[in-house]
Amino acid sequence: MLKVDLAVIGGGPAGLAAALEARKNGIENILIIEREKELGGILQQCIHNGFGLHYFGEELTGPEYAERFVEQVKKEGIAYKTSTMVLDIRPDRTITAVNSTDGLIKISAACIILAMGCRERTRGTLNIPGDRPAGIFTAGTAQRFVNMEGYMPGKKVVILGSGDIGLIMARRLTLEGAEVKMVCELLPYSGGLTRNIVQCLEDYNIPLRLSHTVVKIHGKDRLKGVTVAKVDSNRQPIKGTEEYVECDTLLLSVGLIPENELSRGAGIQIDPVTSGPVVDERMATSVEGIFACGNVVHVHDLVDNVTMESITAGRNAAKYILSCKDTRSVGRSIKTVPGHGVRYIVPQRISDLENIEELKLFFRTNDVYRNALVVVHFGQKTLYSAKRQKLAPGEMETVKLKSEALAELVCDTSCDELKVDIEL
Amino acid sequence: MEERIITCIVCPMGCRLNVEAENDKIGNISGNRCSRGKTYAAEECTAPKRMLTTTVRVSGGIHPFLPVKTERAIPKGLIRQCMEEIRSVQVSAPVKAGDIIVKNICGTGVDIIATRSIPCQN
Ligand SMILES: Cc1cc2nc3c(=O)[nH]c(=O)nc-3n(C[C@H](O)[C@H](O)[C@H](O)COP(=O)(O)OP(=O)(O)OC[C@H]3O[C@@H](n4cnc5c(N)ncnc54)[C@H](O)[C@@H]3O)c2cc1C
Ligand code: SF4
């Protein structure tokens with residue numbers, strides 16, 4: 001059995017940043033395990049720019065962002081195994097992995113950081129009636145085809161879902177000569193970043209049909225067209241609004257789901273809203289010595305936030321390894337509670353109150369709000385209140401609590417709930 | 001003066017900017033969270049520019065395609081023409097991130113550069 005101090009599962013930006021930070025904090029024996037043939041994660045296929053302005057202070061493409069971290073990992077001499085798939089993680093932190101050179105590998109780790117990222121939702125989870133022809137892809141799969149393997153999924157394209165991947169692909173396919181007929185979005189607002197709507201759709205006059213969905217798929221062997229329809233406020237198609245759109249390709253950009261089969265196997269508590277592990281402010285999960293960061297915890301829209309969160313995980317994993325103090329026995333803990341207008345908050349709990357130096361709450365709203373107040377309540381007290389021009393479910397929000405607010409958390413032992421509300 | 005609302009696309013924050021403009025003359029700009037927003041708003045109203053990212057074929061490398069970008073933003077109107085020129089380019093491995101792939105694309109004075117390294121297959 002291979003013995004390591006820290007095993008990092010997944011070599012995307014989350015895993016790389018976490019491993020580097022653990023090394024910086026004195027951990028020597030680290031192993032990163034990645035199932036793809038190279039490190040870098042999903043960033044390798046995101047060839048567009050827009051990464052890193054907040055962390056590096058310059059605008060990078062996905063591969064450039066990844067390369068910076070990969071280079072550092074190599075320079076630090078941190079060990080990694082690529083083309084290696086982790087199959088199982090036990091609560092006692094033994095890991096089973098497999099690759100074609102070593103066969104089955106058993107690893108015993110003093111500490112584990114989960115950084116498996118997320119995967120795309122597929123058509124199966126949506127159940128669109130109609131035929132089952134070729135020509136239906138998830139947007140991320142199409143992105144991989146076009147950007148890494150160099151072939152086009154089709155010529156006339158309809159995109160369902162206005163998440164960022166769908167928007168990015170609308171522009172990419174247009175530039176490569178396809179005709180993108182429209183992007184349909186079930187909701188009355190887009191789930192993507194505003195700048196992607198401007199840069200990817202408006203620049204190329206691609207219509208964005210809000211409150212529209214695909215109700216039928218046509219074609220036997222290859223897709224021939226789709227029927228789209230307007231939906232009402234209950235997201236039900238409105239009779240009489242159906243429209244046939246000829247196309248040979250349908251891209252689905254209908255959301256991402258954190259990849260947590262391994263976490264469940266390890267007995268880690270999962271938040272039903274985020275579909276990721278419940279974590280505290282140190283990114284510690286409910287199982288001793290297992291931390292998590294990046295898209296495996298909740299879907300991020302900005303890789304910079306992934307990096308920051310992973311640095312937190314790496315630092316605390318190092319602390320755990322060096323102190324051997326159970327991550328769970330930390331005395332009193334406080335729950336974060338999504339209040340009015342808030343869909344979820346990460347971290348879900350705050351547990352190491354003795355050692356807390358700063359606290360950032362990441363959250364998403366459940367609707368679009370304009371000129372609203374973000375308020376953090378702790379019992380009767382208000383710890384934070386600030387106005388935001390616009391809040392949207394597609395854009396993750398951050399609240400940073402100041403040290404006076406943190407002092408309240410520590411001192412007022414009568415309360416154990418921290419609530420975030422959107423007030424109009 | 002006419003007021004235009006545009007969305008800053010310089011970074012993912014996507015600030016909404018209020019621009020007072022009359023023909024090509026830019027007046028007051030507000031709503032920006034940093035100074036780059038001001039520069040962008042003035043430019044977007046007079047001479048819009050965009051970064052272009054795409055791929056070129058690479059032979060003998062660990063991947064068949066190399067991601068590239070314009071080193072700086074280029075005039076929006078020249079995007080299609082640049083795509084045409086880039087399409088005809090082929091390079092061979094090894095390539096290093098930052099290598100110049102096409103010099104002075106379409107006379108813009110901007111180079112196309114590699115955005116990742118691609119080592120040789122063996
Ligand atoms: C299409 C797209 C566009 C984006 N655009 C932007 C943008 O413009 N700006 C921006 O800032 N951010 C953007 N993002 C977000 C950013 O890329 C992600 O948030 C970030 O890559 C997440 O990092 P991660 O390490 O958590 O996950 P990933 O990058 O997905 O990495 C997870 C890694 O874990 C590996 N793995 C999973 N399971 C196993 C296993 N069992 N065994 C071994 N390895 C495993 C995977 O192979 C993968 O390499 C975009 C994301 C996508 C998908
Ligand atoms: S104004 Fe500054 S912070 Fe706002 S989107 Fe533009 S570059 Fe980003």
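The values are calculated or read from the model by the stated rules, or taken from the named source; none is laboratory data. Quantities reported herein were computed from a predicted structural model and do not represent experimental measurements. Neighbour counts run over all protein chains shown; Cβ positions are idealised from the backbone, glycine included.
In contact with a Lys or Arg (Cβ under 6 Å, 6 or more places away or on another chain), acidic (Asp, Glu) and either in the same structural domain as A:ARG144 (by TED's automatic domain parsing) or buried (at least 17 other Cβ atoms within 10 Å of the Cβ) (or both): which single residue out of A:GLU59, A:GLU67 fits that description? Quick ask: steps written out before the conclusion?
Details: A:GLU59 fails: in contact with a Lys or Arg (Cβ under 6 Å, 6 or more places away or on another chain).
From the options A:GLU59, A:GLU67, the qualifying one is A:GLU67.
Taking the criterion of being part of a helix (DSSP H, G or I) and loosely packed, with under 14 Cβ neighbours inside 10 Å, the only residue of the range A:143-152 that qualifies is A:GLU149.
To keep it simple, each residue is scored yes or no on (1) more than 16 Å from ligand 2 (Cβ to nearest atom); (2) more than 14 Å from A:GLU34 (Cβ to Cβ).
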residue: A:ILE47; (1), (2): yes, yes
residue: A:GLU59; (1), (2): no, yes
residue: A:TYR65; (1), (2): yes, yes
residue: A:ILE95; (1), (2): yes, no
residue: A:ILE112; (1), (2): yes, yes
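Scanning the range A:48-59 for residues that are facing another protein chain (nearest Cβ under 8 Å) and either more than 8 Å from ligand 1 (Cβ to nearest atom) or at negative phi (or both) gives A:HIS48, A:ASN49, A:LEU53, A:HIS54, A:GLU59.
State all residues of the range B:27-57 that are farther than 22 Å from A:GLN389 by Cβ and within 15 Å of ligand 2 (Cβ to nearest atom); if no residue qualifies, say none. Result: B:GLU43, B:PRO48, B:LYS49, B:ARG50, B:MET51. Taking the range B:42-122 and the strands (runs of 3 or more DSSP E) fully enclosed by it, the elements with 2 or more residues that are crowded, with 21+ Cβ neighbours inside 10 Å and of a type in the set (S, T, N, Q) are at B:53-59.
Summed over the range B:47-71, the residues that are under 25 Å from B:CYS8 (Cα atoms), within 11 Å of another protein chain (Cβ to nearest Cβ) and at pLDDT below 95 give a count of 3.
The listed residues are A:GLN44, A:GLN72, and the only one of them that is touching a helix residue (DSSP H, G or I) at 6+ places or on another chain (Cβ under 7 Å), under 30 Å from B:ARG50 (Cβ atoms) and among the polar types (S, T, N, Q) turns out to be A:GLN44.
Of all residues in the range A:222-270, those satisfying the criterion of being closer than 30 Å to A:CYS293 by Cβ and among the small types (Gly, Ala, Ser) are A:SER253, A:GLY255, A:SER263, A:GLY265, A:ALA266, A:GLY267. Of the residues making up the range A:33-47, at least one is within 12 Å of ligand 1 (Cβ to nearest atom), away from chain B (no Cβ under 14 Å) and not aliphatic (A, V, I, L, M). Cβ-Cβ distances below 6 Å connect the following pairs, each with a first residue in the range A:256-283 that is over 14 Å from A:TYR344 (Cα atoms), a second residue that is buried (at least 22 other Cβ atoms within 10 Å of the Cβ) and among the aromatic types (Phe, Trp, Tyr), and a separation of six or more residues or different chains: A:MET283/A:PHE291. Of all residues in the range A:46-61, those satisfying the criterion of being in contact with a strand residue (DSSP E or B) (Cβ under 6 Å, 6 or more places away or on another chain) and touching a residue at least 12 places away in the same chain (Cβ under 8 Å) are A:ILE47, A:HIS48, A:ASN49, A:PHE51, A:GLY52, A:THR61.
For the range A:375-396, the criterion of being touching a residue at least 40 places away in the same chain (Cβ under 8 Å), within 14 Å of chain B (Cβ to nearest Cβ) and surrounded by fewer than 14 Cβ atoms within 10 Å (Cβ to Cβ) is satisfied by no residue at all. Screening A:GLY191, A:GLY177 for residues that are surrounded by fewer than 23 Cβ atoms within 10 Å (Cβ to Cβ) and on the phi > 0 side of the Ramachandran plot leaves exactly one candidate, A:GLY177.
A:THR312 falls short on exactly one of the conditions (1) in a loop (DSSP other than H, G, I, E, B); (2) within 14 Å of ligand 1 (Cβ to nearest atom); (3) modelled with pLDDT of 95 or more, and that condition is (1). Take the conditions (1) under 29 Å from the mean Cα position of the chain (by Cα); (2) assigned to a loop (DSSP other than H, G, I, E, B); A:GLY177 misses just one of them, which is (1). In this entry, A:LEU16 is excluded by the filter for residues that are more than 16 Å from ligand 2 (Cβ to nearest atom), within 18 Å of the chain's Cα centre (by Cα) and assigned to a loop (DSSP other than H, G, I, E, B). Out of the residues in the range A:287-339 that are among the aliphatic types (A, V, I, L, M) and within 16 Å of ligand 2 (Cβ to nearest atom), which is nearest to the other protein chains (Cβ to nearest Cβ)? The residue in question is A:LEU302.
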